[in-house]
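Written out below as structure tokens is the structure these notes cover.
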Amino acid sequence: MELMGGGKFSRCFVVVVVGVLFLVGSVSGIGVNWGTQSTHPLSPSKVVKMLKDNGIQKVKLFDADAGILDALKKSGIQVMVGIPNDMLYTLANSVEAAEKWVSKNISKHVSSGGVDIRYVAVGNEPFLSTYNGSFEATTLPALQNIQAALTRSGLSNRVKVTVPLNADVYQSSSEKPSDGGFRPDINNVMLQIVKFLNDNGAPFTVNIYPFISLYADPNFPVDYAFFNGYQPTINDNGRAYDNVFDANHDTLVWALQKNGFGNLPIIVGEIGWPTDGDRNANLQYAQRFNQGFMSRYMSGKGTPMRPGPIDAYLFSLIDEDAKSIQPGNFERHWGMFYFDGQPKYQLNLGSARGNGLVGASGVDHLAKKWCVLKPSANLNDDQLAPSVAYACQNADCTSLGYGTSCGNLDVHGNISYAFNSYYQINDQMDSACKFPGLSMITDKDPSVGDCKFRIMIQTDSAEPHGKVGYLTTVLCFFVLLLFCNLWF
């Protein structure tokens, strides 16, 4: 049985967990990933206030959005700015492009904007095995050119480069971390990147996701994914491992150590647990995992191979309803907060505020009305299946299905959920509840138990029509199959 665990498939926003005093200096406190793939994102100013209200001192971004960076001015929050994978080719092939990028997205905000940028994340999990080598030739040259641009701008001592990598870049031939090494197909480029990071006083950033271990392997021991002392422990030459995070992290430590880089600083760029979209993605498991990790983080215990404080970013701050669900329906539910900035569960982040997460303030919702299936609708109507498919394709139906928060709805409930999701994402426009002869608007909340029929928030950036589009096509087929099973 494989117990090392995998990393996460793709990424968008990070919470920073900081405990290690790093070369460029750091503050003590957890960090978070801030992803923005949402149909109705909260304003940057509201999110920055959330970060400060929750005592979060570090934030990891997936791009260099000017509006977000402006909102972070003089906030006291340390920032990791991201460069998306689709920019790697250009930056790898042009020093001038790298210099322009640094000037626009780093120098401008650091020198005159008062933004405390500490890192540039070059790419996001570029060596993910599912990318089939698409970014192997461009990641290192892009990293080198960004470093050269930072040096030329006089910022290289203040701003460090790194590459957030999925935990699938290393592996163990057994369940023991000491048998760890870099993936054979990328071993050479990994050693070049590690040497470059080491030469420039930069950290190795890795995304570790015990949830994915559980999601990918039905035989994976559930308790080994958490921090409650799984038994029996794995004994690795006298070092005991009772959770997959420690084992995964130390597999990387061994891979570095075997190649002469045993002291290279490590940042955990993403770690977290989703709350919906899979039978193992729920509020209880998410609270258990994140609080377990935070307790470990606050204790300063570290791992068997790296005792001491951990530097980490929680994934993630807020749900993103426009993320790709190719890795799984859970991708839209990693947030500690719902899309409207309200906390999902109690969590102690180590601040003076105790166990409670502080939600976003000043968020306005739309009217208390929902789009649902008419009681008189004919379930044999030829327009029903395509209407549901269209709604899900252009909205978000990831809370439907086996083991999800809305998994116990009957066929009427499933259809109503799909219709309402489309209606809310389109800002409750009357035309968004015009499924022919099937839908109606109601002021009676159709929520049932844990299954919430959400009301959308008011945002300046909201756009009518489905922004999710093609990303949910796979889910549409799943929903249709679900309905077929219910009908027949």
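The values are calculated or read from the model by the stated rules, or taken from the named source; none is laboratory data. This is a predicted model, so every value here is computed, not measured. So basically every Cβ, Gly included, is an ideal-geometry build from the backbone, and we count neighbours across all protein chains shown. The accessibility values were calculated without ligands, DNA or RNA, using every heavy atom of the protein model including side chains. Shrake-Rupley method; radii C 1.70, N 1.55, O 1.52, S 1.80 Å.
Over 32 Å between Cα atoms, which of Lys104/Lys323; Lys46/Lys434; Lys100/Lys301; Lys49/Lys434 qualify?
Exceeds cut-off: Lys46/Lys434; Lys100/Lys301; Lys49/Lys434.
If you stretched the chain out fully between Asp460 and Asn348, how much longer would it get, using 0.36 nm times the residue separation minus the C-alpha to C-alpha distance?
Here the segment from Asp460 to Asn348 would lengthen by 37.1 nm.
If each of Asn157 and Val222 carries a label point 7 Å out from its Cα toward its Cβ, how far apart are those two points in nm?
5.4 nm
Rounded to whole Hz and in sequence order, give me ³J(HN,Hα) for the stretch 286-303 from the Karplus expression 6.51 cos²θ - 1.76 cosθ + 1.60, θ = phi - 60°, writing x for Gly and Pro.
5, 5, 4, 5, 5, 6, x, 5, 5, 5, 5, 4, 5, 6, x, 6, x, 10
Rounded to the nearest 10 Å², what accessible area does Phe289 have for a 1.4 Å probe in the complete protein model?
Taking all protein chains as shown, Phe289 has close to 0 Å².
How large a share of the accessible area of the chain, in percent, is made up of carbon and sulfur atoms when the probe is 1.4 Å and the other protein chains stay in place?
For the chain, the apolar C and S fraction of the accessible surface comes to 50 percent.
Considering Cα pairs under 8 angstrom that are at least six residues apart, work out the relative contact order of the stretch 31-337 and quote it in whole percent.
Worked out over the stretch 31-337, it gives 17 percent.
May I ask you to rank His365, His109 by accessible area, largest first, using a 1.4 Å probe over the protein chains only?
Listed by decreasing accessible area, they come as His365, His109.
Would you mind calculating the gained length between Gln383 and Ala148 on full extension (0.36 nm times residue separation, minus the Cα-Cα distance), in nm to one decimal?
Residue separation times 0.36 nm, minus the Cα-Cα distance, leaves 78.7 nm.
Based on alpha-carbon atoms only, what is the radius of gyration of the stretch 246-387 relative to the globular estimate 2.2 N^0.38 Å?
1.44
Which values, in whole Å and largest first, are the semi-axes of the equivalent ellipsoid of the stretch 370-442 obtained as the square root of 5 times each eigenvalue of the Cα gyration tensor?
Values for the stretch 370-442, descending: 17, 15, 11 Å.
Run the numbers for Glu175 and Tyr131: contour at 0.36 nm per residue of separation, minus the present Cα-Cα distance, in nm.
13.3 nm
Once you place label points 7 Å from the Cα toward the Cβ at Asp199 and Lys100, how far apart are they in nm?
Modelled inter-label distance: 2.7 nm.
Around Thr251, under 9 Å between beta carbons, what's the net of Lys plus Arg minus Asp minus Glu among the other residues?
So the environment of Thr251 carries a net charge of -1.
What is the angle, in °, between the Cα long axis of helix 44-53 and the longest principal axis of the Cα atoms in the chain? Nearest 10 is fine, range 0 to 90.
70 degrees
Could you let me know the centre-to-centre spacing of the stretch 382-460 and the stretch 127-185, using Cα atoms, in angstrom?
About 41 Å separates the Cα centre of the stretch 382-460 from the one of the stretch 127-185.
Given labels modelled 7 Å from the Cα in the Cβ direction, how far is it in nm from His412 to Arg183?
4.9 nm
Looking at the P(r) of the stretch 31-337, how many percent of alpha-carbon pairs lie beyond 24 Å?
That fraction is 53 percent.
Can you tell me which lysines have their Cα less than 25 Å from the Cα of Lys52? Leave out same-chain residues fewer than eight positions away.
List returned: Lys60, Lys73, Lys74, Lys108, Lys160, Lys344.
Of the listed peptides 173-185, 142-154, 261-273, what is their order by residue-averaged count of other C-beta atoms within 10 Å, with the highest listed first?
261-273, 142-154, 173-185
Under 17 Å between alpha carbons, and skipping anything fewer than 8 positions from Lys369 in its own chain: which aspartates and glutamates qualify?
Answer for Lys369, where 17 Å is the Cα cut-off: Asp340, Asp427, Asp430, Asp443, Asp445, listed by chain and number.
Quick one: accessible area per residue over the chain, 1.4 Å probe, rounded to a whole number of Å²?
39 Å²
Please state the charge dipole magnitude for the stretch 173-241, taken about the Cα centre, from unit charges on C-beta atoms (+1 on K and R, -1 on D and E), reported in debye and rounded to the nearest 20.
160 debye
Could you sort 380-392, 229-241 so that the peptide with the highest average Cβ count within 10 Å comes first and the rest follow in order?
380-392, 229-241
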